[in-house]
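Engineer: I have a structure I would like to understand better, so I am pasting it below and will then ask my questions one at a time.
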Amino acid sequence: MLSRSFGKNATIGIALRAVSGTGGFAEPGSNLSALYEARFRNQDLLYVEYGTSAAPRTIDRIIVKFVFHAGGSTGT
């Protein structure tokens, strides 16, 4: 996996996984996934992911998650 941070509040990443099928329990195949994550000033979080790194082949899906913090301070 390759990832790159942009300041302390944003990250992009890309992962390529290839399984040859010469042993172990994983099915042979290759897989590509990408992600983007951003944290805003008010600590809200945006997470976007394409594919999944846990599949034997690239899955055409997009996951978008937005975490909204209402009131009070945010923990770690």
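Engineer: Which pairs turn up if I take residues in segment 31-46 that are closer than 17 Å to Arg4 by Cα and look for partners that are outside any strand (DSSP E or B) and of a type in the set (Val, Ile, Thr) with beta carbon separation below 6 Å, at least 6 apart in sequence or on another chain?
Structural biologist: Leu32/Thr58; Ser33/Thr52
Engineer: When the residues of segment 44-76 are filtered to those that are surrounded by 14 or more Cβ atoms within 10 Å (Cβ to Cβ) and over 22 Å from Leu16 (Cα atoms), which remaining residue is modelled with the highest pLDDT?
Structural biologist: Step by step, filter segment 44-76, then rank; the result is Leu46.
Engineer: Against the definition (farther than 22 Å from Arg61 by Cα and out of contact with any Pro (no Cβ under 6 Å at 6 or more places or on another chain)), how does Gly21 come out, yes or no? Even if it seems obvious, please write down each step before you answer.
Structural biologist: Values: farther than 22 Å from Arg61 by Cα: yes; out of contact with any Pro (no Cβ under 6 Å at 6 or more places or on another chain): no.
In short, no.
Engineer: Let me ask you something else. For residues that are within 27 Å of Phe68 (Cβ to Cβ), among the polar types (S, T, N, Q) and assigned to a strand (DSSP E or B), tally how many sit in segment 1-43.
Structural biologist: Selection size over segment 1-43: 4.
Engineer: Considering only segment 30-43, I want to know if a residue exists there that is in contact with a Pro (Cβ under 9 Å, 6 or more places away or on another chain) and either surrounded by 14 or more Cβ atoms within 10 Å (Cβ to Cβ) or among the hydroxyl-bearing types (Ser, Thr, Tyr) (or both).
Structural biologist: Residues of segment 30-43 in contact with a Pro (Cβ under 9 Å, 6 or more places away or on another chain): 30-31.
Then drop every residue that is not either surrounded by 14 or more Cβ atoms within 10 Å (Cβ to Cβ) or among the hydroxyl-bearing types (Ser, Thr, Tyr) (or both), which leaves 30-31.
So far as segment 30-43 goes, yes, one or more of its residues are in contact with a Pro (Cβ under 9 Å, 6 or more places away or on another chain) and either surrounded by 14 or more Cβ atoms within 10 Å (Cβ to Cβ) or among the hydroxyl-bearing types (Ser, Thr, Tyr) (or both).
The values are calculated or read from the model by the stated rules, or taken from the named source; none is laboratory data. Remember, it's a predicted structure, so these values are computed and weren't measured experimentally. FYI the Cβ positions are ideal-geometry reconstructions off the backbone, even for glycines, and counts take in every protein chain you see.
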